[in-house]
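Just below is one structure, and these are the notes that go with it.
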Amino acid sequence: MFKSITLFVISLLVAPGLGLFASIHGMDVLHAESGAASFNEIWARCAAWGANAPEGCAMLERLRLLNRISWIALAVTVALPLFYLVAAWILGRNRDLLARLFPWLVRLVLGILPLVLVAHGILVWFGSWEMVEMGFIPGNVKLMLVLGGLGLMLVISAISILASIKRMLEPDSLHVTGILLEKQEMPQLFARVSRLAARLGSREPERIIVGIEPTAYVANVPIKLRGVGDLPEAETLYLPTPALRVLSDAELDALIGHELGHFRGADVEFSTRFSPSLRNLAIAAEAVATEDSEEEGSMSLALLPAIGLLGFMLYTIRRIVGRISRQREFAADQASLEVSSPQAIATLLVKFNALSLQWQGFRHGLVALLHRGVSRQNLSVDYLARTRQFLSAAPADKLRNFLIEAHTPHPLDSHPPLIERAKAVGMDAGSVINSSLASLYDVRVPPAGLEAIEERISQIDADYYRHPTSPVAISNDPELPPELSFSQPT
């Protein structure tokens with residue numbers, strides 16, 4: 001982190017520092033050569049000479065202009081992250097203000113950032129040229145190309161951000177691979193959700209989506225449902241099929257009760273306003289960082305101010321909003337207590353965190369499997385098998401320590417660690433880890449209709465990720481292929 005902050009600060013100060021050095025040093029040299037007692041005397045002489053003024057007067061005027069531009073650029077460059085920091089901190093004291101005004105704060109900073117980059121590019125050109133004119137640096141062609149290229153790339157990076165700013169600021173749909181459930185497909189699940197909503201005095205979700213990715217959430221944002229298309233904003237409950245296979249009734253009540261607690265606590269309204277801007281800021285930071293990784297030399301250096309500022313903005317708001325997220329999650333866990341037990345909530349948290357650990361490795365393996373033209377009949381069953389392989393192979397002490405400090409995955413928000421959430425409902429997380437993990441090996445009869453739904457999701461997943469021209473054979477071999485099996489890292 002210290003290294004990143006250092007690079008960020010240096011990258012912001014390079015261009016204004018270059019301009020200030022060239023202008024101040026150049027004016028001091030001209031002052032000394034003129035023999036004048038002060039700069040006012042020099043200006044008076046130049047004014048008296050008029051059109052016949054020597055070249056030194058024109059150079060001094062340019063250096064004075066460079067000095068003013070450099071100070072203005074430095075002030076704006078330093079003020080922009082400070083303004084964002086103070087504004088974000090003030091907004092973070094009130095979640096309603098944060099939800100309403102943070103999107104405008106992001107728009108403002110992303111609008112000013114390209115102007116700062118253009119100013120830096122001009123300063124690099126201007127300052128370099130004046131230093132060559134005064135003989136401070138040699139007029140080496142290669143050096144001039146590097147400096148000129150740096151200034152050009154700063155301007156190009158500004159143009160790139162401006163060209164992408166509309167996309168950065170537009171609400172980004174939540175991409176989901178799953179099935180939009182109809183009541184007749186899993187009537188018991190809909191009845192459970194309705195019963196729990198009534199007990200909590202909460203609204204029922206307008207739609208329920210189930211998928212294989214091991215996370216759970218409620219959201220009121222546009223959703224891009226793979227295999228279906230764009231779904232409009234609606235209050236949505238997402239549940240993972242692997243969890244539906246391994247959770248007890250009490251744990252499932254705790255899970256759904258927690259998510260419905262967000263409806264009751266008006267958290268969905270907060271997420272609808274705030275989370276898209278946070279996600280877009282993350283997308284902007286990732287896009288610029290990705291562009292930097294693909295470039296070399298001057299372009300890579302030119303992108304450092306943008307990368308640093310966007311990274312600083314993202315890090316700062318995540319730290320500031322952490323307090324609000326903690327309050328929201330603890331309140332939702334209290335809703336779980338109204339429909340389930342502290343024991344079930346604690347075991348749910350352990351199981352959910354354990355179920356999330358192998359997801360990225362499983363996804364990478366699935367892509368590799370599709371590359372050789374093979375898919376699987378039921379990815380939910382396969383993912384549970386891989387998770388059990390991992391749990392059997394992982395050192396017990398390391399796994400236990402990791403789970404205690406783990407954060408439940410979520411596409412829109414952050415969560416407090418397991419140990420704090422369990423403590424808030426009166427449980428010691430460590431006391432239920434072994435029994436919770438052991439129950440993940442239990443063979444349960446899946447809910448009616450779930451297996452057919454899982455196979456449909458598996459087919460949708462294969463159709464989405466496979467190459468359009470490559471045929472895919474569906475395998476239902478009980479043994480996991482090497483790509484999906486867990487293997488110890490070498």
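Fewest-first ordering of GLU338, GLU479 by other beta carbons within 10 Å of each residue's beta carbon gives GLU479, GLU338.
Relative protection proxy for 340-352, 98-110, 71-83, 212-224, from highest mean packing down: 340-352, 212-224, 98-110, 71-83 (other beta-carbon atoms within 10 angstrom). Would you mind checking which residues have amide H under 5 Å from LEU231's amide H? H placed 1.01 Å from N; only 5 or more apart, or other chain. Amide H neighbours of LEU231, under 5 Å, 5+ apart: ILE223, LYS224, LEU225. Along region 367-376 the Karplus relation, 6.51 cos²θ - 1.76 cosθ + 1.60 evaluated at θ = phi - 60°, assigns HN-Hα couplings of 4, 4, 5, 5, 5, 9, x, 10, 10, 10 Hz to successive residues, with x for each Gly and Pro.
Prolate is the label for region 338-391, because a/c, from the alpha-carbon gyration tensor with a ≥ b ≥ c as root eigenvalues, is 1.5 or above and a/b exceeds b/c. Note on region 307-347: dipole from Cβ charges, positive end direction compared against LEU309, GLN327, ALA344; the farthest Cα belongs to LEU309. Computed about its Cα centre, the charge dipole of region 322-420 is approximately 440 debye, with only Lys, Arg, Asp and Glu carrying charge at their Cβ.
Restricting to Cα pairs below 8 Å that are 6+ residues apart, what does the relative contact order work out to for region 351-465? Please round to a whole percent.
The value is 35 percent.
Peptide packing for 46-58, 443-455 was compared via the average number of neighbouring C-beta atoms within 10 Å per residue; ordered from the highest value, the list is 443-455, 46-58. Taking 0.36 nm per residue of separation and subtracting the Cα-Cα distance, full extension of the segment from ARG326 to ARG444 would add 39.1 nm. A simple charge model with +1 on the Cβ of Lys and Arg, -1 on the Cβ of Asp and Glu and nothing else charged puts the dipole of region 170-261 at about 280 debye relative to its Cα centre.
Quick note: the coordinates plus some simple rules give every number you see, no bench work behind them. Note that the structure is a prediction, hence the values are computed from the model and not measured. Reconstructed Cβ throughout: ideal geometry from the backbone, glycine too, with neighbour counts over all protein chains shown.
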